[in-house]
Amino acid sequence: MSVTATLDSYLHNKSCDYDTVPHSFSSTASESALMAAVPMKQVIKAVVLHDNNHYMLAAVPAMNKVMLPQIEQITGCHTELAKEAEIERIFGDCELGAVPAIGQAYGLDVIWDDSLCEDDDLYIEAGDHRNLIHIKREQFQELMKNNPHGHISCAPEELYDLTHY
C-alpha cells in the first residue's frame, strides 16, 4: 500500500508537502520509529478514543501513553479507548494498527500533545505497516491549528503517578 488514498487526498487538499519513509514491517508506532531509524519522540502515535457520542484521536509521541484525565480536562468529555472493531470501521482504507495521526482526514476531532512542537521533523503512520509520512513541524502545526492541545501524554513509567494526583 503506502499512503492511503484518504490521507493522501486530505494532505494534497491542504497543500501539505510530505515524503514517505519506507521501513521493514512494524506493528506499532514505536517499532516503526526503530525500523525507520528515526527518534521515537518524532513519530506520532494515533490513539483513537470515544466519549459515547463521537470518536476523537489523540496524537502523541510514539513512546508515550495518553493521560485520559488530562484529555478529559481539556475536552470536557469522559473518554475511553476505542475497540479494534470500531477503529477498523473508521479507518477502512488503513491496515489495522497503522492509524495515521491526521484524524481530520477521517472526519475525527484531534487533540495533540504539546511535546510534538519540539522537533523540526515529524513522522506519521501512512496507513500501512511499512511506511511513515515525513512532514515538517510547521506543516503539522498548520494541520492542527484549530484543534485542542496540551500536555496529554507521558512516559509509561510516569502514568501511574500522573493519574493519581
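The strands (runs of 3 or more DSSP E) located wholly in the range 57-165 include none with 3 or more residues which are more than 24 Å from HIS12 (Cβ to Cβ) and either under 16 Å from the mean Cα position of the chain (by Cα) or basic (Lys, Arg) (or both).
The residue that is surrounded by the most Cβ atoms within 10 Å (Cβ to Cβ), among those in the range 88-121 that are closer than 21 Å to SER27 by Cβ and out of contact with any helix residue (DSSP H, G or I) (no Cβ under 9 Å at 6 or more places or on another chain), is GLU95. Take the residues in the range 41-52 that are modelled with pLDDT of 95 or more and either polar (S, T, N, Q) or not in a strand (DSSP E or B) (or both); name whichever of them is surrounded by the fewest Cβ atoms within 10 Å (Cβ to Cβ). Out of the qualifying residues, it is LYS41. If you check GLN73, GLN104 for being farther than 21 Å from ARG137 by Cβ, at pLDDT 95 or above and not acidic (Asp, Glu), only one passes: GLN73.
For (1) within 20 Å of LEU122 (Cβ to Cβ); (2) in contact (Cβ under 8 Å) with a residue 60 or more places away in the chain; (3) polar (S, T, N, Q), each residue gets a yes or a no:
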| residue | (1), (2), (3) |
| --- | --- |
| ASP19 | yes, yes, no |
| THR28 | yes, yes, yes |
| VAL43 | yes, yes, no |
| ALA46 | yes, yes, no |
| VAL66 | yes, yes, no |
| LEU81 | no, no, no |
| ASP93 | no, yes, no |
| GLY97 | yes, yes, no |
| GLN104 | yes, yes, yes |
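As a summary of the residue check, TYR10 satisfies the conditions (1) more than 24 Å from LYS83 (Cβ to Cβ); (2) in a loop (DSSP other than H, G, I, E, B); (3) among the hydroxyl-bearing types (Ser, Thr, Tyr); (4) touching a residue at least 12 places away in the same chain (Cβ under 8 Å) except for the one numbered (2).
The values are calculated or read from the model by the stated rules, or taken from the named source; none is laboratory data. Here the structure is a predicted model, which is why all the values come from computation and not from measurement. Don't worry about glycine lacking a Cβ; one is built from the backbone with ideal geometry, like all the others, and counts go over all protein chains shown.
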